[in-house]
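The values are calculated or read from the model by the stated rules, or taken from the named source; none is laboratory data. Please read all numbers here as calculations on a predicted model, not as lab measurements. Counting neighbours? That spans all protein chains shown, and the Cβs are built from the backbone with ideal geometry, glycine included.
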Amino acid sequence: MRRPAIGNLWLTPFAILVVLFLLAPVFVVIPMSFSDSNYLQFPPQVWSLRWYHSYFDAAEWMAATRTSLLAASCTVLLATPIGFLSAFAIRNMRGKAAAVLFGFLLLPQVVPVILLAIGVFFIYIRLRIVDSFLGIVLAHTALAVPFVVTTVSAGLKRFDFSLDQAARSLGASRFRAIFDVMLPQIRLSLFAGAIFAFVTSLDEVVVSLFIAGGDNTVLTRKMFLALRDQVDPTIAAISTLLIVVSVIAVGVFMLAVQRDNRRREENI
Amino acid sequence: MPAARSTGINGRLAEGRDLAAVVTISHLVKKYGAFTALSDVSLTVGAGEFLTLLGPSGSGKTTLLMSLAGFADPDSGSIRIGDREIMGVEPHKRNIGMVFQSYALFPHMTVGENVAYPLKLRGVGRADREDRSRRVLSAVQMPGYENRRIDQLSGGQRQRVAVARAIVFEPDIILMDEPLSALDKKLREELQIELKHLHRRLGSTIIYVTHDQKEALTLSDRIAVMNRGQIVQIAKPQEMYEHPASAFVADFIGYSLLLPIARSDSSSVDKSQLGALADNPYALLVVRPEKLDIVSEDHRQPGHFYFTSEVKDVVYQGDIVMVYARLKSGEDIVVRRDSRFATLQALPRGGSPMRLALHQSDTSLVTDDRAGVAPLAS
């Protein structure tokens, strides 16, 4: 290991401070979720799992969770292929058109989300799909596609397109070549894009506030409303569970990357 | 699987049976905007011939190869393999084996899976597939490597697997795009000989792209030299080297001094053999370093050109010695000698005069077709 230069020593405590600041809410929320108090309390006086019970025993929390998980899964199923095909198209384009299309596809993540939410809301009224499951999935897909396009584009940059040509010269149709050769090569990027899409949907609250009510209330929307109406410590429990889900998703991805790297290093 | 089917390439490997196809390219044109990659290229490659496309980068050789493979789409012209027109046919329906510069082996498949992939695409059964892959891998000196991963192979081994994968499905023709350029010199020369032998055993038509003139001379039945989207000369290796058709070819294949014969000093060059061409301002005499003899002042023999020069430098390179000198008329000239003791002893020192002899059979006259010079009027 190379020792850092003296001039850079201050960077370490600085970095630690930044990380602490970023993680502080997590360190507050997790203990609060195990509190016995009737309101959000930090630090908790008495420990209990009552808010976890309150979450798992409430039919409407469970319904919202089901909707959220289902919407996130459907978003993954839509955004991943759309994002992949877009990135593939961009890769095959020449000149400015590629940059323009790339920028266009990133728009949903660039436009202030509240503007997007209002726009989507008005369009959905016309289309009569406000508060519908389809509406949620479509809106979340629009928000998730930029992540998939970005990760897959990065993957395609590393992909050697002579592999694609080789497959086709050997007798594979374009479609077959993509499936047999390209997808296995960029699977980590696709996987990363899919995880981003899943988390984007699961985490999304602003657009959902406008278009995801009624029977199709998603978890984040319900949490937001619960927080507004009465400060219900159940949301601390749910937040903790969401954090766990996110950490698991990222962890699984990191493991996959690590396994891939190790396999590569072993053979150099 | 019918047994007869599997005898194809293996049969050829064993019996040298000839299944090769003739390739006929006519009037092929490909433009990229203002750049003309192929400008009316016509070429016939014989059945079982090893033809090399040789040229500098941007000469059109890769575009021509990619047009054959189906990855470049020419604006006009025709390409026929045997009797079949393949212009407009999708790459996967052309039945052409291709070896890529980067080998393009699939890293997520084993060696065996890579080689069997084209057979799998053609619906060949598993047992037959494995059998044929095994035999082809033996043919490229890679027996028993079926279960290795690609990243466990050296560059030379990858190259062999890439060749095996390109021949296993008995393609009508085989294309190779600078397949040896990523290897070090020693291995490259070894594999050149292997490729030559494999070609002899397979009897397939091979079209090979390289910018390495020595590789082209070693491997080819015929060489097509390309420049600026055109084939400037097509000939057998020896003919190409000994009798280049133009200054470009003479300059590109091997090292040569191109001496403007009309302007050269008449006291140092005997031009009696040249006839009318001697006065043509665009005629150049091809002088190759290894064809020159260092001779004494009184050396006079029919059929020779003589040059009077002054030695500038003598550079020892191990197997050879290069003598750099300047002609009376001002041109630099290089003489190549072997490095045996007796030769070295006899070499002139820097600053001393040197008389050089060149036999007329060891040279030829070419027209100057290089940039900025008008072509020879006939």
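Computed values, structure above
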{"item": "Odd one out for B:M142, checked against (1) more than 24 Å from B:G55 (Cα to Cα); (2) of a type outside the set (S, T, Y); (3) surrounded by fewer than 18 Cβ atoms within 10 Å (Cβ to Cβ)", "result": "(3)"}
{"item": "Matching residues in the stretch A:165-182 - criterion: being among the aliphatic types (A, V, I, L, M) and facing chain B (nearest Cβ under 7 Å)", "result": "A:A166, A:L170, A:A172, A:V181"}
{"item": "The one condition in (1) crowded, with 21+ Cβ neighbours inside 10 Å; (2) within 30 Å of B:F252 (Cα to Cα); (3) more than 19 Å from the chain's Cα centre (by Cα) that B:N114 fails to fulfil", "result": "(2)"}
{"item": "Criterion: crowded, with 24+ Cβ neighbours inside 10 Å, part of a helix (DSSP H, G or I), out of contact with any Lys or Arg (no Cβ under 9 Å at 6 or more places or on another chain) and among the polar types (S, T, N, Q) - qualifying residue of A:S208, A:S201", "result": "A:S201"}
{"item": "Any chance B:D184 is away from chain A (no Cβ under 13 Å), charged (D, E, K, R) and within 28 Å of the chain's Cα centre (by Cα)", "result": "yes"}
{"item": "Which listed residue, of B:R132, B:R94, is facing chain A (nearest Cβ under 9 Å) and either out of contact with any Lys or Arg (no Cβ under 7 Å at 6 or more places or on another chain) or on the phi > 0 side of the Ramachandran plot (or both)", "result": "B:R94"}
{"item": "Unique residue being within 25 Å of the chain's Cα centre (by Cα) and surrounded by fewer than 19 Cβ atoms within 10 Å (Cβ to Cβ) when the list is B:S364, B:S339, B:S329, B:S352", "result": "B:S364"}
{"item": "Condition broken by A:F122, with the remaining ones in (1) modelled with pLDDT under 90; (2) over 21 Å from A:S73 (Cα atoms) satisfied", "result": "(1)"}
{"item": "Some residue of the stretch A:148-160 being hydroxyl-bearing (S, T, Y) and either closer than 30 Å to B:G123 by Cα or touching a Cys at 6+ places or on another chain (Cβ under 8 Å) (or both)", "result": "no"}
{"item": "Sole exception among (1) touching an Asp or Glu at 6+ places or on another chain (Cβ under 9 Å); (2) of a type in the set (A, V, I, L, M); (3) within 28 Å of B:P244 (Cα to Cα); (4) in a helix (DSSP H, G or I) for B:L191, by number", "result": "(1)"}
